[in-house]
Amino acid sequence: MHGQVKTDKSAAVREKEKKQKDAKLKVYREGMTQIFERRRSGMKDWETMRFVGDVLSTNPDVYTLWNIRKEVLLQMIDDKSIDEPVKVGEGELRLTEICLKVNPKSYGAWHHRCWILEHFPELDLKRELALCNKYLKLDARNFHCWDYRRFITSKLGLSPEEELSYTMQKIEEDFSNYSSWHYRSKLLPLIHSDPAGIRPIKEEIHLRELDLVQNAAFTDPNDQSAWFYLRWLLGRLEPKLEIVMSFVCKEQSKMYIVFNTDASPSDSSIDVVSEHISKWTTVNSLRDSSLWVSDLKTNSTEYNIKVTISNETENVSLKADAGFVWFRKPQFDPDVSPKLKALLVEQLETCNQLLELEPESKWPLLTSVVFMKAIDTNQYREEIIERLRSLMKYDKYRSSYYADTLSKFLIEEEFKSNELPTGSFSLKNLGLTSLYYTQYLARAKLLDLSHNNLQRSLTKLQYAVKCSTLILDDNDLTSLQNIPSLPQLISLSVANNRLQTAEEILKCIDKLPSLQKINVAGNPFVEDDAAKQEFEKELKSLRPTLEITVD
């Protein structure tokens, strides 16, 4: 019990407990032996069911036993040897209730209840709904019971509105009921979907829910339940798939098309047609990709493409006087109405008041970042950066997540302040830990990514198909294993990293067929003269004309 001083158990007490444990173990082993012997002998009868039930009633998490029980019941159903199905089904439900008293979160027991209701449809579903209410009154956070309740309500045909009302009842009983908030986030879009497709739910309901969750979140700033729901409300739906860029690369005799998110050429809802091309494939032969490529069949001064996505058609024209390029600027900022913005400003102020009292409080810090991004990233740019860095400092277990979130924000800001890159594009000195939106780099010729921390993100450079100069200096790189194939790369600089062996360079040379210059200065493997000479010799044997910088 809480508050009581623990005392050492006497030898006699420990011995007694050991004997009890040994006795239980003996019964368990004997029961399992009997069950598996009967199973091997093909004895699928009520006696086997009794043995299985005896073991499960004290050990409900032995999933194999639940499966054996199902095997026996299925055999009986096939043999038509069950005379009173309702009685048998109710008996199975009683067994699971005994098991749930031992462990209310037993996967096996809850799953068996679902299975029984599927195979014995005559059972009383309203009784099951009442049982859910009973269990959720005992423990409103029992997510197994919430899952079971969803299963029952779907069978009963209860409306989402009825269930939404139930979640409100549970939230009013306890603001920190995470499962109720989560269930609410699943129900609301079914009832009040946003016709504009911008938010999870339509605006008037969105405003009401924001007001509701604000009361919960700010009542107990350290409870995560309402904060998670608040972040869901402020989240955007997955953007609908659309084309954002297309261009012709004459030197490669290829046409490229860029999407805002990954898509597959085999997807029947997408049709990209042009008389000038052969067949679309993804870059690096991935199944899904944001960048598709096709060989050109004809040489022309204008290339027309018809793009159909989910029955919406768009015509794209690539003309010589426009450099055979078409693009639309990416949109990163949410579309927020004046009413919603006013409410978000009010809630941001409440967050700031909480942070004055508890400056290291994780949830207000993180949610304030979401508020500021929704209100105006230009106005709050420096505060967003500062608060994400504070989160990295105060919540060390999730520091990588916050670092990646900051990286994503900084990259969005760079794309917003620049045209889509065609010549030089720099993301240097930003402290990036991950790369995002690299499909928008498809036409960049010089990429400067120096002075970051991108050892986990080299594969994301696969979309830089026109890159001729890549600078990866000072990125804490220990390997180049994940560098992708870059067909037009002429110059690569990986100076001042932590590459330990020449093998790291030698392995990636085949992926860079056009490479003419490489800078590896400042890496451990070229620190002594003998190693430098050996490296240069090996590299020259593979690429005799390669210009190598080692100092």
- prompt: Out of (1) closer than 28 Å to Y401 by Cβ; (2) out of contact with any Leu (no Cβ under 8 Å at 6 or more places or on another chain), the odd one out for T501 is which?
  reply: (1)
Tally, over the range 274-300, of residues that are out of contact with any helix residue (DSSP H, G or I) (no Cβ under 7 Å at 6 or more places or on another chain), buried (at least 18 other Cβ atoms within 10 Å of the Cβ) and in a strand (DSSP E or B): 5
query: Can you name the residue in the range 332-371 that is of a type in the set (D, E) and in contact (Cβ under 8 Å) with a residue 12 or more places away in the chain and, of all such residues, is farthest from E383 (Cα to Cα)?
result: D335
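Listed residues A374, A403; which is among the hydrophobic types (A, V, I, L, M, F, W, C) and closer than 19 Å to W232 by Cα?
On the way: A403 fails: closer than 19 Å to W232 by Cα.
Matching residue, one of A374, A403: A374.
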field: Residue list for the range 196-235, restricted to those being farther than 27 Å from L365 by Cβ and either at pLDDT below 85 or touching a Gly at 6+ places or on another chain (Cβ under 9 Å) (or both)
entry: A196, G197
- prompt: Does the range 527-538 contain at least one residue that is closer than 27 Å to T282 by Cβ and of a type outside the set (A, V, I, L, M)?
  reply: no
Lone unmet requirement of (1) crowded, with 18+ Cβ neighbours inside 10 Å; (2) in a strand (DSSP E or B); (3) touching a residue at least 40 places away in the same chain (Cβ under 8 Å) for E314: (1)
message: Of all residues being β-branched (V, I, T) and at pLDDT 95 or above in the range 439-482, which is surrounded by the fewest Cβ atoms within 10 Å (Cβ to Cβ)? Just the residue, please.
response: T469
The range 213-245: number of residues that are free of Cβ contacts under 8 Å to residues at least 24 places away in the same chain and either of a type in the set (A, V, I, L, M) or in contact with a Leu (Cβ under 7 Å, 6 or more places away or on another chain) (or both): 0
query: Can you tell me which residue in the range 518-551 is modelled with the lowest pLDDT, limited to those that are within 18 Å of S485 (Cβ to Cβ) and outside any loop (DSSP other than H, G, I, E, B)?
result: L542
- prompt: For residues in the range 171-181 being surrounded by fewer than 21 Cβ atoms within 10 Å (Cβ to Cβ) and closer than 18 Å to R208 by Cβ, which is modelled with the lowest pLDDT?
  reply: F175
message: Quick check on I243: is it more than 30 Å from L344 (Cα to Cα) and of a type in the set (A, V, I, L, M)?
response: yes
query: If you check every pair at least six apart or on different chains, which have Cβ atoms under 7 Å apart with a residue in the range 172-186 that is over 14 Å from R141 (Cα atoms) first and a residue that is at pLDDT below 90 and not hydroxyl-bearing (S, T, Y) second?
result: S185/W232
message: Cβ-Cβ under 8 Å, sequence separation 6+ or interchain: first residue in the range 269-283 and touching a residue at least 60 places away in the same chain (Cβ under 8 Å), partner aromatic (F, W, Y) and surrounded by 12 or more Cβ atoms within 10 Å (Cβ to Cβ). Which pairs?
response: V283/W292; V283/Y463
statement: When the range 18-69 is checked residue by residue, the ones that are among the polar types (S, T, N, Q) and touching a residue at least 24 places away in the same chain (Cβ under 8 Å) are T48, S57, T58, N59
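Could you look through the range 504-517, keep only residues that are in a loop (DSSP other than H, G, I, E, B) and crowded, with 17+ Cβ neighbours inside 10 Å, and pick out the one that is nearest to the chain's Cα centre (by Cα)?
Once the filter is applied, the top-ranked residue is L512.
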- line: Taking the range 359-370 and keeping residues within 25 Å of E209 (Cα to Cα) and not β-branched (V, I, T) leaves S361, K362, W363, P364, L365, L366, S368
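Of everything in the range 133-161, what is hydroxyl-bearing (S, T, Y) and in a loop (DSSP other than H, G, I, E, B)? Give them in sequence order. Break it down into steps so the answer makes sense when it comes.
First pass over the range 133-161, keeping only residues hydroxyl-bearing (S, T, Y): 135, 148, 153-154, 159.
Listed by number, the list holds a single entry, S159.
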query: In the range 301-310, what residues are in contact (Cβ under 8 Å) with a residue 60 or more places away in the chain and either surrounded by 13 or more Cβ atoms within 10 Å (Cβ to Cβ) or in contact with an Asp or Glu (Cβ under 9 Å, 6 or more places away or on another chain) (or both)?
result: V307, I309
query: Being at pLDDT below 90, crowded, with 18+ Cβ neighbours inside 10 Å and of a type in the set (G, A, S), is that true of even one residue in the range 242-255?
result: no
message: Condition first: of a type in the set (F, W, Y) and over 20 Å from the mean Cα position of the chain (by Cα). Now tell me which residues in the range 365-408 satisfy that.
response: F371, Y380, Y394
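Given the residues L355, L406, L391, which is the only one that is closer than 30 Å to C467 by Cβ, in contact with a helix residue (DSSP H, G or I) (Cβ under 7 Å, 6 or more places away or on another chain) and not β-branched (V, I, T)?
Working: L355 fails: closer than 30 Å to C467 by Cβ; L391 fails: closer than 30 Å to C467 by Cβ.
The unique qualifying residue is L406.
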query: Is there a residue in the range 371-386 that is outside any helix (DSSP H, G or I) and under 23 Å from Q214 (Cα atoms)?
result: yes
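The values are calculated or read from the model by the stated rules, or taken from the named source; none is laboratory data. This structure is a prediction, so every number in the text was calculated from the model and none was measured. For neighbour counting, all protein chains shown are included, and Cβ atoms are generated from backbone atoms with ideal geometry for every residue, glycine included.
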